[in-house]
Amino acid sequence: RGIARVMRTARAALAVAAFAACAPAAEAQAYPSRPIRLIIPFPAGGSNDIVGRAIAQQMGEKLGKQVVVDNRTGAGGVIGTELASKEKPDGYTILVISIAHSVNPWLYKLPYDPIKAFTPIGLMGVGTNVLTVHPSLPANSLKDLLAMAKEKPGELSYASAGIGTFQHLGAELFRLEAKVNLLHVPFRGGGPALTDVLGGHNKIMFSSLVQAVPHIKSGRLRAIGTGGKERIPALADVPTISEAGVPGYEALNWWGLLAPVGTPPAVIARLHKALSEAQDTPEIQSQFEKEGAATRKMEPEEFGKFIESEMKKWERVVKEGGIKAE
């Protein structure tokens, strides 16, 4: 009887162990069983929001559950990113990041580790910037703007989505390369900055193409240079900043997805697959191309290495430019 009892106990223990081993796999297989929250750490209307919402809709269709956008703004993306870093790593909270994620470590004392607090899902896409001016500014070309900037150093002002954002970094790189002095006016997000420039208050913005193209097409903004190595099909008649007078200038934004560290590998794989399938849809391809951006795929591990390389790149620009968080 003693041996039988030992055998029964052993079988029970094995069953419990087997169940425990199978539980994560079963959970991943059932994933997702409810809507997923996508935190965008910037306001509505900016490039992070435009790209994030487009991808969220398509990923939701691929996953069979809605991906709900949650804009959590402030501190150049730090507030929303911190929130995501503290969420349960179960795949039901994911985060949009952009170039700001690789710049913030050099501007702020972060309440999270930008690498260790997250597990990469994948890159969504890339987009260059575009130097835009309000039509009331008498600058029809980059050479006109450079002449004005050199004649009135520190008097021409440009709006940005905030300190350390793509708009700010693109302008700071321009300032360093062109050797001009422009006044920086930061806003809380790309949407408010764009609204200000459209209203003719600040006259200049180094916008994301995703954000600016519709207003360029409508004539509410004038484009005088793009920040990539080659001209953009959506603005084929606009020269690159490099060819128009600031040789070697290049500024690219990017957008990707992260999950809190500890998210099960099977769940990350499922999210990555849904992202990849979303990127292949005609809707995403068309929207990105129309707005001057392009989808670009990276496996999770590759995306993690890319983030680290971007951190090193922008550390130099922040230090050389003397950029400080307010």
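The values are calculated or read from the model by the stated rules, or taken from the named source; none is laboratory data. Predicted, not measured: the structure shown is a model, and the values here were computed from it. Neighbour counts run over all protein chains shown; Cβ positions are idealised from the backbone, glycine included. Areas reflect the complete protein model, heavy atoms only, side chains present, ligands, DNA and RNA absent. Shrake-Rupley method; radii C 1.70, N 1.55, O 1.52, S 1.80 Å.
Listing for the model above:
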quantity: All lysines inside 25 Å of residue 62 as judged from Cα atoms, apart from same-chain residues fewer than 8 positions distant; calculated: 88, 273, 290, 297
quantity: Directionally averaged shadow of segment 45-133, computed from the convex hull of its alpha-carbon atoms, nm²; calculated: 6.9
quantity: Segments 78-88, 246-256, 60-70 sorted - mean Cβ within 10 Å per residue, highest first; calculated: 246-256, 78-88, 60-70
quantity: More than 21 angstrom apart: percent of Cα pairs within segment 210-326; calculated: 56
quantity: Relative contact order, percent, the chain [alpha-carbon distance under 8 Å, six or more residues apart]; calculated: 26
quantity: Estimated Rh, segment 166-224: Kirkwood, alpha-carbon pairs, angstrom; calculated: 12.0
quantity: Whole-angstrom gap from segment 109-125 to segment 196-229, using each part's C-alpha centre; calculated: 30
quantity: Spatially proximal lysines relative to residue 324 (Cα-Cα < 20 Å; intrachain offsets below 8 disregarded); calculated: 109, 179, 312, 313
quantity: Heavy-atom accessible area per residue - the chain, 1.4 Å, Å²; calculated: 45
quantity: Sulfur and carbon atoms: percent of accessible area, the chain [1.4 Å]; calculated: 55
quantity: Aspartates and glutamates with Cα under 16 Å of residue 86, excluding same-chain neighbours fewer than 8 positions away; calculated: 70, 113
quantity: For segment 77-222, average projected area of the Cα convex hull in nm²; calculated: 9.7
quantity: Rule-of-thumb Rg ratio for the chain [Cα; 2.2 N^0.38 Å; N residues]; calculated: 1.16
